[in-house]
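Engineer: Take this structure, written in structure tokens, and hold onto it; I'll ask about it next.
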Amino acid sequence: MAKQPCDHCGLPTFVPDAEANAGPAGRRPVFCCTGCAFAHRLSAAPQTAGDITPLQTAAWLTGFGVFNQGVFWVLQHLLRGEGRAALSQASGYVSIGLGAVAAAVLIAGLATSRRPAAGDWVVWSLTGVGLGLALFTYSPGCAAAATLGLILWTLRGFFRRRRAPATPGKKPVEGG
Ligand SMILES: [Zn+2]
């Protein structure tokens, strides 16, 4: 195993020797965690439609799903206020379902972008438990909290300092 800096935050990251020795042409981006992979892939603007990565598609679908999860959650409250209990509950279940689909799409996109670490499995499991609880206890709020937790964890790469782009012909500064 060799070490290379994470392409997003610069943290030294273990990569297989074969990949480290492949040279610049065969070099794939290296990320220390799924958070960095997500932040990097999402901020890299695609030039053509063919450049859109599965992770970017998953991110957009997740955003769309979570937005509507919130819409149906609000709707559930409004309908209950109007005394339309059955319709209110249906909206609540739609909200929970949208949250579950959004979380599943995001996790699938992340799992294909980089090998998940222990922390990912913990957060993803907690998200699944939260959504399961939300479904069985009928709690759209619990589902919203579970998806929000997953999204905050996924966005953590954006809060990391981006590593300075390497200047050609100049050795990268050690330490820091
Ligand atoms: Zn990183």
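Engineer: Could you tell me the convex hull volume per residue, in Å³, taken over the Cα atoms of the range 53-157?
Structural biologist: Details: hull volume 8.3 nm³, N = 105.
Normalising the Cα hull of the range 53-157 by residue number yields 79 Å³.
Engineer: Full extension from Met1 to Ala44: what is 0.36 nm times the residue separation minus their Cα-Cα distance, to one decimal in nm? Kindly include the intermediate steps, with their values, before the conclusion.
Structural biologist: Values: separation 43, 0.36 × 43 = 15.48 nm, distance 2.76 nm.
Here the segment from Met1 to Ala44 would lengthen by 12.7 nm.
Engineer: Next question, about the same structure. Express the relative contact order of the range 53-157 as a whole percentage, based on alpha carbon pairs under 8 Å and six or more residues apart in sequence.
Structural biologist: On the way: 115 pairs, mean separation 31.5, N = 105.
The normalised contact order for the range 53-157 reaches 30 percent.
Engineer: Using a basic spin-label model with each label point 7 Å from the Cα along Cα→Cβ, how many nm lie between Leu152 and Ala117?
Structural biologist: Label at Leu152, label at Ala117, 1.9 nm between them.
Engineer: How much net charge surrounds Ala111 when only the other residues with a Cβ under 15 Å from the Cβ of Ala111 are counted, with Lys and Arg +1 and Asp and Glu -1? Don't skip to the end; give the middle numbers.
Structural biologist: Values: positive: Arg41, Arg114, Arg115; negative: Asp120.
Local charge sum for Ala111: +2.
Only the coordinates and a few stated rules stand behind these numbers; no lab work does. Because the structure is predicted, anything quoted here is derived from the model rather than measured. Backbone-built Cβ (ideal geometry, glycine too); neighbour counts: all protein chains shown.
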